[in-house]
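What follows is a single structure, written as structure tokens, with notes after it.
The values are calculated or read from the model by the stated rules, or taken from the named source; none is laboratory data. Owing to the predicted nature of the structure, the values given are computational and were not obtained by experimental measurement. FYI the Cβ positions are ideal-geometry reconstructions off the backbone, even for glycines, and counts take in every protein chain you see. Note: areas computed on protein heavy atoms with side chains; ligands, DNA, RNA excluded. Shrake-Rupley method; radii C 1.70, N 1.55, O 1.52, S 1.80 Å.
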Amino acid sequence: MAVLFSPKAGYTEVAKNQYTIEVSIPNFIKGESELALKFGYKLKNLLTPHSVESKNYIYKGVTGTKEYQPVHDEKGQLIKALYTINIAFDNPRQLLKIDKVRPFPELRYDKNLTLPLDFEAIAKPIANPTYPNPWVV
């Protein structure tokens, strides 16, 4: 059975539209575990400061999510991963700014396990031998 962990992730803005993501990894088994990161952002229009932010996170134009700088403890165990994320807009003169960002890290033990999981496709109903039974009140 594959186990999925949600490691903690924090971010720091180091320059305009550039972030450093620090992912703390609870359990990483070399050769078996796999770390993945999705990075989303929401935009805000500078001309309408009271506008409602976009409802969904955007992933377009994000680079740097495939490779990370590993941080090991004294025993050689991977404990952190540092990502450098850049966001490039199609039109650099647009009047939009990044309002919110959110890293989505995933740690997988089984490389064949992918997200999102379709639980309805793999779930089997549990038979209840007493239902419906007219003799049970």
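A few notes on this one:
- Test result for I85, open to solvent by less than 60 Å² (accessible area, probe 1.4 Å) and in contact with a Ser or Thr (Cβ under 7 Å, 6 or more places away or on another chain): yes
- For D99, the conditions (1) modelled with pLDDT of 65 or more; (2) farther than 21 Å from E32 by Cβ; (3) open to solvent by 90 Å² or more (accessible area, probe 1.4 Å) all hold with the exception of (3).
Here's the yes/no breakdown for (1) modelled with pLDDT under 85; (2) within 16 Å of Y11 (Cα to Cα); (3) not in a strand (DSSP E or B):
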residue	(1), (2), (3)
E74	no, no, yes
T84	no, yes, no
F89	yes, no, yes
Q94	yes, no, yes
D110	yes, no, yes
A121	yes, no, yes
T130	yes, no, yes
